[in-house]
Amino acid sequence: MTKIVVDPVTRIEGHLRVEARVEDGFVQEAWCAGTQFRGMELILPGRDPRDAWLFAQRICGVCTTVHALASVRAVEDALQIEIPPNAQLLRELMAGIQFVQDHVVHFYHLHALDWADPAAALEADAGEAAQLAADLSDWPGNTTQQFQAVQDQLKALVASGQLSTFTNAYFGHPSYRLSPKVNLMLMSHYLEALRFQREIVKAHALLGGKNPHPQTYLVGGMAIPLDLSSDAALNAGKIAQLKTWFAQAKDFVRQVYYNDALALATFYKDWFNLGRSAGNYLCYGGFPDPDHAGELFPSGILLGGDLTGTQPTDQEKINEYVTRSWFSYDQGDLSGRHPSQGQTAPEYTGPQAQYEELPTDGKYSWNKAPRYDGLPMEVGPLARVLVAYAQGQPRVKALADGALQRLGVSLDELQSTMGRIVARALETVAIADALPQWLAQLEANMSRGDLSIHNNGKWSPTSWPAQAQGQGFHEAPRGGLGHWVRIENGKIAHYQCVVPTTWNASPRDHAGRPGPYETALVGTPIADPERPVEVLRTVHSFDPCMACAAHLVDARGRELTRVRVV
Ligand code: NFE
Ligand code: MG
């Protein structure tokens with residue numbers, strides 16, 4: 001028996017430790033632990049609910065703005081505040097921009113090195129690689145000249161001995177399977193994606209004043225004045241600039257990212273049969289369909305891998321367990337708590353020195369274990385696409401059918417490591433397509449004189465009830481996000497978040513059920529236990545964000561920098 005310990009897992013946000021028991025070359029059992037504590041939920045009570053989003057948004061700088069959105073929605077739900085359609089559109093635009101930037105960065109900069117070997121790209125013929133890329137898409141960067149320049153750049157890096165962003169990639173590992181020219185194509189796009197993400201995120205700075213953490217949210221609307229002809233507002237010139245960025249986003253996502261994701265999938269088809277979670281998927285729903293009534297990603301639940309019919313999502317069925325987490329509950333830790341009654345009471349019982357091994361029979365994570373009707377749920381791109389598909393959402397279904405046909409895989413096989421990658425690329429296309437349409441709707445409203453961005457009818461606490469409870473949901477890049485707030489006498493009395501990575505990276509629960517990462521890792525083949533790239537492939541396919549998951553910072557600043565095999 002070999003025990004693999006990967007700590008910290010890198011190319012993610014935050015601090016994640018994975019332990020896996022390997023026998024006969026396959027993972028038999030796995031444990032995933034959040035290894036840092038923060039306590040964001042504890043700093044909100046006592047504050048003005050109109051300020052909650054400013055604090056909550058700091059949970060993360062990767063999915064940056066999503067917590068602001070869930071927070072204002074929770075407070076608006078509690079106080080029954082409607083917001084004007086323009087504010088709704090501005091929020092969708094900011095969330096959509098976030099998706100495009102975040103997913104592109106994930107595919108290239110956080111995940112591609114699990115599949116592509118930059119050292120192998122040195123052996124490619126730049127002309128042949130450019131020809132292959134040009135056959136796949138019309139992207140103007142697919143030229144011999146560009147690919148040659150990238151190869152020269154890679155050669156210089158390798159010759160310098162300082163690999164920069166490629167340091168510690170598993171070069172030469174037997175599980176890498178791409179030809180030199182595909183490696184070179186991906187490396188060229190890796191560098192272009194760095195520049196692209198820097199450009200598209202400027203749209204956040206335009207709408208939000210800065211990035212990360214845009215500053216223009218308000219309970220009741222948005223603080224983005226609209227006036228086509230004013231320099232002090234979102235005007236015709238700024239809308240023209242947004243249109244340019246969105247056109248670039250559509251081109252990059254369709255011509256580069258989507259093609260690369262599908263090209264990668266064709267070389268690693270066996271990964272459509274690996275990395276399946278328990279087959280329970282949760283989607284809160286989000287993003288209006290620009291063509292039809294309803295949402296691009298409708299809400300719904302799928303259970304047990306049955307992809308044929310969804311059940312309605314009922315947030316009342318959510319409970320968080322801490323049986324195997326370093327927290328305590330007033331009633332003891334065998335029963336769960338609904339987030340509206342949630343408690344954040346840290347009680348660390350783990351190792352005092354740097355962890356040698358996780359106490360996997362007991363409490364072993366700073367993540368709570370959220371469960372839906374008692375079940376662990378996968379959230380994220382795959383959940384959204386499968387739920388949308390089951391409900392016949394026209395855009396998502398058409399995109400998914402196109403991808404499945406091109407790849408020659410079944411819908412069922414999307415429940416896998418590679419399925420997550422394909423679903424993420426596919427939903428990015430859907431969002432990038434929608435961005436200019438949402439912007440056109442906003443512009444049309446403005447053109448006919450509707451400049452409303454805020455409902456200030458209930459802005460003053462004197463108009464609020466003495467007690468109010470609400471919840472706000474958003475489909476964030478990594479999955480369903482919920483914030484729950486209770487307001488008493490004008491102040492926050494209670495605040496809880498259940499975050500996408502809390503679902504996916506969850507530890508075991510009161511009934512011993514593993515979380516989605518833990519289940520997905522079982523059955524993973526391990527070619528070389530000293531370099532367990534296969535573990536990273538599946539864990540990275542979820543795009544972990546541990547900062548969000550634990551919404552928690554180690555006060556002792558402990559540093560864990562090992563990738564270790566015991
Ligand atoms: Ni910090 Fe996040 C997203 C949220 S966590 S990245 O997307 O909410 O999973
Ligand atoms: Mg929480």
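Numbers at a glance
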item	result
Compactness of the range 112-199, expressed as Rg and Dmax over alpha-carbon positions, Å	12.4, 36
Binned Cα-Cα distances of the chain, short to long, each 10 Å bin given as a whole percent	4, 18, 28, 27, 16, 6, 1, 0
Distance between modelled label sites at residue 230 and residue 248, nm, 7 Å Cα→Cβ extension	2.8
Whether the range 252-291 is rounded, prolate or oblate, judged on the alpha carbon gyration tensor where a/c under 1.5 counts as rounded	oblate
Accessible surface of the range 164-278 [probe 1.4 Å, protein heavy atoms]: carbon and sulfur percent	53
Solvent accessible area, Å² - residue 158, 1.4 Å probe, full protein context	70
Value of [θ]222 nm, deg cm²/dmol, for the chain, DSSP H segments ≥ 4, -39500 (n - 2.57) each, nearest 500	-11000 deg cm²/dmol
Residue-span extension gain [residue 412 to residue 158] - 0.36 nm each, minus C-alpha spacing	87.3 nm
Cα-based shape type of the range 395-519, given that a ≥ b ≥ c are square roots of the gyration tensor eigenvalues and the cut on a/c is 1.5	oblate
Shape of the range 415-486, Cα gyration tensor, a/c cut at 1.5	oblate
Ordering of 473-481, 429-437, 5-13 by burial proxy (mean other Cβ atoms within 10 Å per residue, highest first)	473-481, 429-437, 5-13
Candidate lysines for bridging to residue 363, where Cα separation is under 20 Å - those fewer than 8 sequence places away on the same chain excluded	3
Per-residue SASA entry for residue 48, accessible area with 1.4 Å probe, Å² rounded to 10	30
Apportionment of accessible area to carbon and sulfur, the range 397-439, percent (1.4 Å)	53
Under 19 Å from the Cα of residue 317 - lysines, other chains or at least 8 residues apart	368
Stretchable slack from residue 401 to residue 373, in nm (0.36 nm times residue separation minus alpha-carbon distance)	7.0 nm
Flagged links, alpha-carbon separation over 19 Å, of 458/491; 202/243; 202/250; 210/238; 243/397	243/397
Normalised convex hull volume, the range 264-367, alpha-carbon set, Å³ per residue	220
Evaluated at q = 0.15, 0.19, 0.23 Å⁻¹: base-10 log I(q)/I(0), Debye formula over Cα of the range 1-81	-0.69, -0.85, -1.04
Cβ charges +1 (Lys, Arg) and -1 (Asp, Glu), total dipole of the range 46-125, debye	500
Cα-projected label distance for residue 165 with residue 291, points at 7 Å along beta-carbon direction, nm	3.4
Contact order normalised by residue count of the chain, Cα under 8 Å, 6+ apart, percent	27
Dipole axis of the chain (+1 Lys, Arg; -1 Asp, Glu on Cβ), positive-most option in 351, 263, 416	351
Centroid-to-centroid separation of the range 206-274 and the range 499-522 [C-alpha atoms, Å]	31
Residue 210 accessible area, 1.4 Å probe, all protein chains in place, Å² to nearest 10	80
Potential extension, residue 23-residue 144 segment - 0.36 nm per residue separation minus Cα distance	39.0 nm
Among 93-99, 304-310, the order from most to least packed when residues are scored by Cβ within 10 Å on average	93-99, 304-310
Rough spin-label spacing in nm, given labels placed 7 Å along Cα→Cβ, for residue 205 and residue 311	4.7
Accessible area in square angstrom per residue, the chain, 1.4 angstrom probe	35
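The values are calculated or read from the model by the stated rules, or taken from the named source; none is laboratory data. Just so we're clear, the structure is a prediction, and the values are computed from it rather than from any experiment. Quick reminder, even Gly has a Cβ in these numbers, built from the backbone with ideal geometry, and neighbours come from all protein chains shown. Surface areas here come from the heavy atoms of the whole protein model, side chains and all, with no ligands, DNA or RNA. Shrake-Rupley method; radii C 1.70, N 1.55, O 1.52, S 1.80 Å.
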